[in-house]
Structures are given as C-alpha cells and as structure tokens.
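Q: Here it is: the structure, laid out below.
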Amino acid sequence: MKKDNRSYYDAFSSVYEDHRHQGYHLWLDELEFSILRPYIDGRDIFEAGCGTGLILERAARIARTAVGADLSPGMLEKAKAKGLECVEADLGSLPFPDASFDTVYSFKVLAHVRDIRPALAELSRITRPGGHLLLEFYNPTSLRGWVKRLKPPTRIDAQTDDEQVFTRFDGKTRILSYLPRDLHPVDWRGVRVITPAARVHDIPFFGRAIGELENRLSRSVIRGFGGFLIAIVRKDS
C-alpha cells in the first residue's frame, strides 16, 4: 500500500542517517556535492527536498546563503539541529519571491514528485535569470533501474518499505519534456553507472577503486547509463 510522501519520509527520518557517513552513501553524497560545487561558491542557493541536510550542510559552508525545504517535519527536525536554515514546504508551492536564488538543486527527490511539471515550474520561478538548476532523476535504462525493478522491497522500519513511496523513472527525453520553456540544458552527469549493489562500496580496497572509477564515469561518454541522471540547466537571462 502506497504512503503519502510526508508520512513515508517521517517514518524514514529516524533511521535515514544510519550508515550514511560511510561506504556507498558517503561516496554518493561526496560525488553529488562535487558536481554541485562549481555552481554554489559564494552564491545564494536553495535545496529542494533537503531531508536531514546531508548535502545542504556541505553546501552552506561555501555558499553566500543556503536554504532548504522539505515536506517532512521529521527530516527537517534533524536538518535544523545542524543549524541549517530550512522550511517545511511542498515543491509545488514554495514560500519565496521570484528570482530568490542563484542556484537551485535537488537530489533523490524529483523522482518521488507526482506533479513534476508544476514543481519544476516553481523551481524555475525562484531561480534568478542566468542562474542554474541541478535536477536529479532516476534513470530506467541503467543497472540501478533494473536492480530496483527486480529486487524485493527494502524495509526502512517495521511497517514501511521502499515500495510504498511513489517513484518514477525518466530518461533524458522525458526529463527534457518536463522542463519549463525558460530552462535549457547545458550538461548532464550520470551517477552510479556500474555499481551493481550498494554493498560493493563496503568491500576493502575494491570499494574505493569502484568509487574512483564511478567518479570518472560520471562525466564520460557512458554517463547516460547512470542510475541517477543529473540535468544541469540554465535559466534564460
């Protein structure tokens, strides 16, 4: 039975950071932050779906201002405990004036937003002309996509598993069809191109080697097979 996103992520919040500071999840956050970094140094930035603030905390250290939003009070409680500025909000209706931020980004969130076009229009609205958005989607034509379709549900607590949240997989053509007319892609990154399962990053020596290879593949000619596709787009000046 599907849960609404707020209930799902509230349930997830109590264990969300378990194991997130090592192995696969640490590598994933560090790679995504390295992709984001050129677009945030000294700028006003916004994270859509900031969760417990694992990426926002890193970004806030080098941005001029950093704000996050999430619809889960449980997640936001942990983000605010880190001293981060964040608000409870739905991505379809954000409490910010037009053109508030230089850079807007979202990781691991947009695939769980049913009404994706209004959400992207709202993210475009709060981005300044000439600014950038980094938008991550789940890729159906990827090793991760096949694993997600074939594996049994992963339990996050006694009553909840990862099949109970709405999830959409989008290829490049569909992603482009979602973008408002004032947004134009300038580049793509592919994350998790060859990793078959998260646990391989925990294997001594091999885990580090596959992480370093994945970092190079994220910019390579086969980046389009990444389990996570990051569209780097620019708003019209």
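Q: What residue, of Ala111, Ala119, Ala89, Ala69, is out of contact with any Asp or Glu (no Cβ under 8 Å at 6 or more places or on another chain) and not β-branched (Val, Ile, Thr)?
A: On inspection, the qualifying residue turns out to be Ala119.
Q: Here's a follow-up. Being open to solvent by 30 Å² or more (accessible area, probe 1.4 Å) and either closer than 18 Å to Lys172 by Cα or of a type in the set (Phe, Trp, Tyr) (or both) narrows it down to one residue among Arg58, Arg117, Arg128, Arg64; which is it?
A: Unique residue meeting the criteria: Arg117.
Q: When residues of the stretch 171-201 are filtered for being outside any loop (DSSP other than H, G, I, E, B) and within 25 Å of Pro38 (Cα to Cα), how many remain? Before you say what the answer is, go through the steps one by one.
A: Filtering the stretch 171-201 down to residues outside any loop (DSSP other than H, G, I, E, B) leaves 172-178, 183-191, 198-201.
Now restrict to residues that are within 25 Å of Pro38 (Cα to Cα): 172, 175-176, 178, 183-191.
Residues meeting the conditions: 13.
Q: How many residues are over 19 Å from Trp146 (Cα atoms) and in contact (Cβ under 8 Å) with a residue 24 or more places away in the chain when one looks only at the stretch 202-216?
A: Quick first cut of the stretch 202-216, residues over 19 Å from Trp146 (Cα atoms) only: 202-213, 215-216.
Subset that is in contact (Cβ under 8 Å) with a residue 24 or more places away in the chain: 202, 207, 211, 215.
The total comes to 4.
Q: OK, next. Taking the condition of being hydroxyl-bearing (Ser, Thr, Tyr) and open to solvent by 40 Å² or more (accessible area, probe 1.4 Å), how many residues in the stretch 72-94 meet it?
A: 1
Q: Please work out if Asp161 is closer than 22 Å to Ser14 by Cβ, without any contact (Cβ under 8 Å) to a residue 60 or more places away in the chain and open to solvent by less than 50 Å² (accessible area, probe 1.4 Å).
A: yes
Q: Moving to a separate point now. Do you know which residues across the stretch 202-237 are over 27 Å from Pro129 (Cβ atoms), more than 19 Å from the chain's Cα centre (by Cα) and not in a helix (DSSP H, G or I)?
A: Ile203, Pro204, Phe205, Ser220, Val221, Ile222
The values are calculated or read from the model by the stated rules, or taken from the named source; none is laboratory data. Here the structure is a predicted model, which means the values were calculated and not measured. As a convention, Cβ positions derive from the backbone with ideal geometry for all residues, glycine included, and neighbour counts pool all protein chains shown. The protein model used for the area step is the full one, side chains on, heavy atoms only, and it has no ligands, DNA or RNA in it. Shrake-Rupley method; radii C 1.70, N 1.55, O 1.52, S 1.80 Å.
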